[in-house]
Amino acid sequence: MSDDQKMFVPSHPLPPARTGLLTAFDPGTRTLEAGFRVAPQFRELPVDIVFEKDVAVTLRDGVTIHVDVFRPAGTAQVPVIVAWSPYGKGQGTSGSVMGVFGLVGLSNEIVSGLEKFEAPDPAYWCAQGYAVCNPDIRGVVDSEGDSVIWDRQEGRDCYDLIEWLAEQEWCTGKVGMSGTSYLAVSQWFTAAEQPPHLVAINPWEGVSDVYRDLVLRGGMPDTGFAQQLQDGSFFGKNRKEDLLAEAERYPLMTELWENKIPDFEKITVPAYIVASYSNTLHTAGTFRAWRRIASEEKWLRIHNGQEWPDYYDEANVEDLRRFFDHYLKGVDNGWDTTPRVRFSVLDLEGGDLVGLEADVFPPADVTSTKFYLDAGTRRLSTDAPAAEASAAYLVDANPNAVSFLIRFDEETVLAGYPKAHLWVEARDADDMDLFVLVQKLDKYGTPLQAFTVPNQSAVAHDLTDHGATILRYKGSDGRLRVSARHLDETLSTADVPAHSFDRIEKLASGEIVEIEIDLLPVGLAFHPGEQLRFIISSHNLLGTLMPAIREYTGANTGQHVIHTGGQHLSYLQLPLTTS
């Protein structure tokens, strides 16, 4: 059973960097008057707010967690928004959160400091007639129990909290959820449990499959971010789940990992989902959930930046309020006429298009088009090469990559899901870790990139020359360990291959195998004369998600050979708009 497979390590006290002004356990109810500032660098409160601190809530198995509730002063009943994550409910004023704001170039003045990290700000939402509930979840800070990471247990726990909130005398009985990253992931798991009083969700970029998105993307044990997540949160009195040990002991898909995939078919609640093309942790999972949830009322907005500036942008907060007003307050504000998809097309030269409207994603005018690799010319073409050829590199040489180019003679827009279909061979090895990247070049052949955050300082350049992909977008990437190439026929589509990760199929000497690699979705414009470069390599082409994360090195030896043409038609499939 999956519970038997879980591994735990002792937790430990909160470090100073994770401690905020309101972290200390101090149960009670107080009123924060309009004009109150928790600290000088934060926003003042626009209205009087009732602050119920460290309220005990007992879950179905007897574990007690503690929550903070912020609600408008007065006797009127209000709906409530839940921010479920392991990041301390009093952490909004901590050094770590202020450091993240500084990293991306946000001022602390845009929030009150009462919000959880990546969560809705009570200062705004209480002024609009909502309560905000910030829990310390199972095993975190002063809450009881052992903490788990992105798991169906969290869905059951949040179900219990939602139903408790709905019964409070100040609550209308209507509950929503919002937040980015971990707070988005928890919404998939909670909505799949179908708590009766959960009315609407707002997942703002988050993984939806811990195995495929976090610890073993492409079948590779790349656990650098998992280590940061595990070491940087989940501090409490008892134990915390050890994802790294689990990934090492269970490298194939087991019930443990299946329990960390929400039951998408049971998610039926109205959903406003926000995604980007540029988050190498969240992008695939957000789009996967968008495709697979059963909600008939679901909206997708694909922005052109990084999630934290996007989440706290004033116009986007107002847009979210329209969604919640419609569902949590029953306001007839026309939200139901909002386009089901609003997407961006990146230019990487300052001409991004945002808010493009569609009924579906990819948009209806997109055609998946095969661009064949030709190892003889190192070109991409829609014409399949008749002659067989191969391109190879030694994995520990320079270069340890091969690439293919195409120049566009007319305006060309990609919007949708790229994939690579390759014929590959390993020499002097029985496996291959392959990394691929779709990159935009200007008409002179210079790679184009774009910052996704307001911080474009010298330090930001240093951080993003290699790595820190959340801060700078360099293209659409994918990866695959070739021994994990077996496709899951029930999950794969013509555009998005999905691997089963339930078996290991090593390569024999001289064996040429056919593989498919899913790349992150794209919205990318090419002007006449600009080029697309497709790179295949033995090393991580983008580096890590964030600074100071341990980078994964591909488990490669020998020589990689890419076969093209004739009986081995390797191609890059791209979503081309036809209008």
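Where residues in segment 82-99 are assigned to a helix (DSSP H, G or I) and of a type in the set (S, T, N, Q), which of them is surrounded by the most Cβ atoms within 10 Å (Cβ to Cβ)?
So the first thing to find is which residues in segment 82-99 are assigned to a helix (DSSP H, G or I), and the list is 91-93, 95-99.
Subset that is of a type in the set (S, T, N, Q): 91, 93, 96.
Numbers: Gln91: 28, Thr93: 22, Ser96: 18.
Per the criteria, the residue is Gln91.
Please go through segment 184-207 and give me each residue that is in contact with a Ser or Thr (Cβ under 6 Å, 6 or more places away or on another chain) and closer than 18 Å to Asn316 by Cα, ordered by number.
Pass one, segment 184-207, residues in contact with a Ser or Thr (Cβ under 6 Å, 6 or more places away or on another chain): 188, 202, 204-206.
Residues satisfying the conditions are Asn202, Trp204, Glu205, Gly206.
Among (1) part of a helix (DSSP H, G or I); (2) within 22 Å of Val80 (Cα to Cα), there is one condition Gly102 misses while meeting the rest; what is its number?
Every condition holds for Gly102 apart from (2).
Restricting to helices (runs of 4 or more DSSP H) lying wholly in segment 115-222: which have 2 or more residues that are assigned by TED's automatic domain parsing to the domain that holds Asp310 and among the hydroxyl-bearing types (Ser, Thr, Tyr)? Can you show your working first?
Numbers: elements: 122-127, 152-166, 182-193.
Correct list: 182-193.
Residue under question is Asp213, and the condition is that it be out of contact with any Leu (no Cβ under 9 Å at 6 or more places or on another chain) and not hydrophobic (A, V, I, L, M, F, W, C); does it hold?
Working: out of contact with any Leu (no Cβ under 9 Å at 6 or more places or on another chain): no; not hydrophobic (A, V, I, L, M, F, W, C): yes.
Judged against the criteria, Asp213 is not a match.
Which of the residues spanning segment 538-552 are among the polar types (S, T, N, Q) and touching a strand residue (DSSP E or B) at 6+ places or on another chain (Cβ under 9 Å)? If you could, list the steps in order and put the result at the bottom.
Here is the first cut: in segment 538-552, the residues among the polar types (S, T, N, Q) are 538, 540, 544.
Ser538, Asn540, listed by residue number.
Looking at this structure, is Pro521 of a type outside the set (Asp, Glu), closer than 16 Å to Trp423 by Cβ and at pLDDT 95 or above?
Answer is no for this residue.
Here is a check on your reading of the model: is Thr75 among the β-branched types (Val, Ile, Thr) and closer than 30 Å to Thr452 by Cα? Give the derivation first.
Working: among the β-branched types (Val, Ile, Thr): yes; closer than 30 Å to Thr452 by Cα: no.
No; evaluated as a whole, the condition is false for this residue.
Which residue is surrounded by the fewest Cβ atoms within 10 Å (Cβ to Cβ), if the candidates are limited to segment 334-353 and must be hydroxyl-bearing (Ser, Thr, Tyr) and either assigned by TED's automatic domain parsing to the domain that holds Glu109 or out of contact with any helix residue (DSSP H, G or I) (no Cβ under 8 Å at 6 or more places or on another chain) (or both)?
Here is the first cut: in segment 334-353, the ones hydroxyl-bearing (Ser, Thr, Tyr) are 337-338, 344.
So of that shortlist, the ones also either assigned by TED's automatic domain parsing to the domain that holds Glu109 or out of contact with any helix residue (DSSP H, G or I) (no Cβ under 8 Å at 6 or more places or on another chain) (or both) come out as 337, 344.
Values: Thr337: 6, Ser344: 21.
By that ranking, first place goes to Thr337.
Hey, could you check segment 399-449 for residues that are within 22 Å of Ser537 (Cβ to Cβ) and small (Gly, Ala, Ser) and say which is surrounded by the fewest Cβ atoms within 10 Å (Cβ to Cβ)? Can you show your working first?
As a first pass, look at segment 399-449 and keep what is within 22 Å of Ser537 (Cβ to Cβ): 399-407, 414, 417-442, 445-449.
Still in the list and also small (Gly, Ala, Ser): 401, 403, 420, 426, 429, 445.
Working: Ala401: 19, Ser403: 17, Ala420: 23, Ala426: 26, Ala429: 18, Gly445: 11.
Of everything passing the filter in segment 399-449, Gly445 is surrounded by the fewest Cβ atoms within 10 Å (Cβ to Cβ).
If I filter segment 140-173 down to residues being β-branched (Val, Ile, Thr) and buried (at least 22 other Cβ atoms within 10 Å of the Cβ), which single residue comes out as nearest to Gly330 (Cα to Cα)? Reasoning before the result, please.
Initial filter on segment 140-173 (β-branched (Val, Ile, Thr)): 140-141, 148-149, 162, 172.
The next check asks that each one be buried (at least 22 other Cβ atoms within 10 Å of the Cβ); those that pass are 140-141, 148-149, 162.
Values: Val140: 35, Val141: 36, Val148: 35, Ile149: 34, Ile162: 19 Å.
Only one residue fits best here, namely Ile162.
Please go through segment 1-32 and give me each residue that is surrounded by 12 or more Cβ atoms within 10 Å (Cβ to Cβ) and within 30 Å of Ser107 (Cβ to Cβ), ordered by number.
Leu14, Pro15, Ala17, Arg18, Thr19, Gly20, Leu21, Leu22, Thr23, Ala24, Leu32, listed by residue number.
Only residues that are β-branched (Val, Ile, Thr) and surrounded by 18 or more Cβ atoms within 10 Å (Cβ to Cβ): list them for segment 354-390, please. Break it down into steps so the answer makes sense when it comes.
Restricting attention to segment 354-390, the residues satisfying the condition of being β-branched (Val, Ile, Thr) are 354, 360, 366-367, 369, 377, 382.
Once the filter is applied, which keeps residues that are β-branched (Val, Ile, Thr) and surrounded by 18 or more Cβ atoms within 10 Å (Cβ to Cβ), segment 354-390 yields only Val366.
Which of (1) of a type outside the set (Lys, Arg); (2) surrounded by fewer than 24 Cβ atoms within 10 Å (Cβ to Cβ); (3) assigned to a helix (DSSP H, G or I) is the odd one out, the single condition Leu300 does not satisfy?
Among (1) of a type outside the set (Lys, Arg); (2) surrounded by fewer than 24 Cβ atoms within 10 Å (Cβ to Cβ); (3) assigned to a helix (DSSP H, G or I), the lone unmet condition for Leu300 is (3).
Please go through segment 466-518 and pick out each residue that is within 16 Å of Ser278 (Cβ to Cβ) and among the hydroxyl-bearing types (Ser, Thr, Tyr).
Thr469, Tyr473, Ser476, listed by residue number.
Mind checking which strands (runs of 3 or more DSSP E) fall wholly inside segment 417-532 and carry at least 3 residues that are touching a residue at least 24 places away in the same chain (Cβ under 8 Å) and within 22 Å of Leu569 (Cβ to Cβ)?
419-427, 433-441, 476-481, 512-518
One line per residue, one yes/no per condition, for (1) assigned by TED's automatic domain parsing to the domain that holds Gly416; (2) under 15 Å from the mean Cα position of the chain (by Cα); (3) surrounded by fewer than 23 Cβ atoms within 10 Å (Cβ to Cβ):
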position	(1), (2), (3)
Phe264	no, no, yes
Thr268	no, no, yes
Ala271	no, no, no
Val274	no, yes, no
Ser278	no, yes, no
Leu281	no, yes, yes
Arg291	no, yes, yes
Glu296	no, no, yes
Glu307	no, yes, no
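Picking from Gly176, Gly219, which residue would you name as being under 22 Å from the mean Cα position of the chain (by Cα), crowded, with 24+ Cβ neighbours inside 10 Å and either farther than 16 Å from Ser85 by Cβ or among the basic types (Lys, Arg) (or both)? Reasoning before the result, please.
Details: Gly176 fails: either farther than 16 Å from Ser85 by Cβ or among the basic types (Lys, Arg) (or both).
Going through Gly176, Gly219 in turn, just one is under 22 Å from the mean Cα position of the chain (by Cα), crowded, with 24+ Cβ neighbours inside 10 Å and either farther than 16 Å from Ser85 by Cβ or among the basic types (Lys, Arg) (or both): Gly219.
Quick one: is Asp313 free of Cβ contacts under 8 Å to residues at least 40 places away in the same chain and either among the hydroxyl-bearing types (Ser, Thr, Tyr) or over 27 Å from Gln77 (Cα atoms) (or both)?
Values: free of Cβ contacts under 8 Å to residues at least 40 places away in the same chain: yes; either among the hydroxyl-bearing types (Ser, Thr, Tyr) or over 27 Å from Gln77 (Cα atoms) (or both): yes.
The answer is yes for Asp313.
Checking Val331 against (1) touching a helix residue (DSSP H, G or I) at 6+ places or on another chain (Cβ under 8 Å); (2) assigned by TED's automatic domain parsing to the domain that holds Val185; (3) of a type outside the set (S, T, N, Q), which single condition isn't satisfied?
Here Val331 meets the rest and fails (2).
Scan segment 20-48 and report the pairs whose first residue is farther than 26 Å from Val140 by Cβ and whose second residue is surrounded by fewer than 12 Cβ atoms within 10 Å (Cβ to Cβ) and of a type in the set (Val, Ile, Thr), with Cβ atoms within less than 9 Å and a gap of 6+ or a chain change.
Asp48/Thr31
For Pro270, only one of the following conditions fails: (1) farther than 21 Å from Glu193 by Cα; (2) of a type outside the set (Asp, Glu); (3) in contact (Cβ under 8 Å) with a residue 60 or more places away in the chain. What is its number?
The single condition Pro270 does not satisfy is (1).
Just checking, how many residues over segment 275-288 are assigned to a helix (DSSP H, G or I) and more than 26 Å from Tyr124 (Cβ to Cβ)? It would help to see each step written out before you state the result.
Taking segment 275-288 and keeping what is assigned to a helix (DSSP H, G or I), we get 283-288.
Remaining after also requiring more than 26 Å from Tyr124 (Cβ to Cβ): 283-285, 287-288.
Total satisfying the criteria: 5.
Looking only at segment 357-385, filter to residues that are touching a residue at least 60 places away in the same chain (Cβ under 8 Å), part of a strand (DSSP E or B) and of a type outside the set (Phe, Trp, Tyr); which one of those is farthest from Val413 (Cα to Cα)?
Residues of segment 357-385 touching a residue at least 60 places away in the same chain (Cβ under 8 Å): 361-363, 365-376, 380, 384-385.
Remaining after also requiring part of a strand (DSSP E or B): 366-374, 380.
When the remaining residues are screened for being of a type outside the set (Phe, Trp, Tyr), the result is 366-370, 373-374, 380.
Details: Val366: 9, Thr367: 11, Ser368: 12, Thr369: 12, Lys370: 15, Leu373: 20, Asp374: 23, Leu380: 16 Å.
Checking each candidate, the answer is Asp374.
The values are calculated or read from the model by the stated rules, or taken from the named source; none is laboratory data. Remember, it's a predicted structure, so these values are computed and weren't measured experimentally. With ideal geometry, Cβ positions are generated from the backbone for all residues, glycine too; neighbour counts draw on all protein chains shown.
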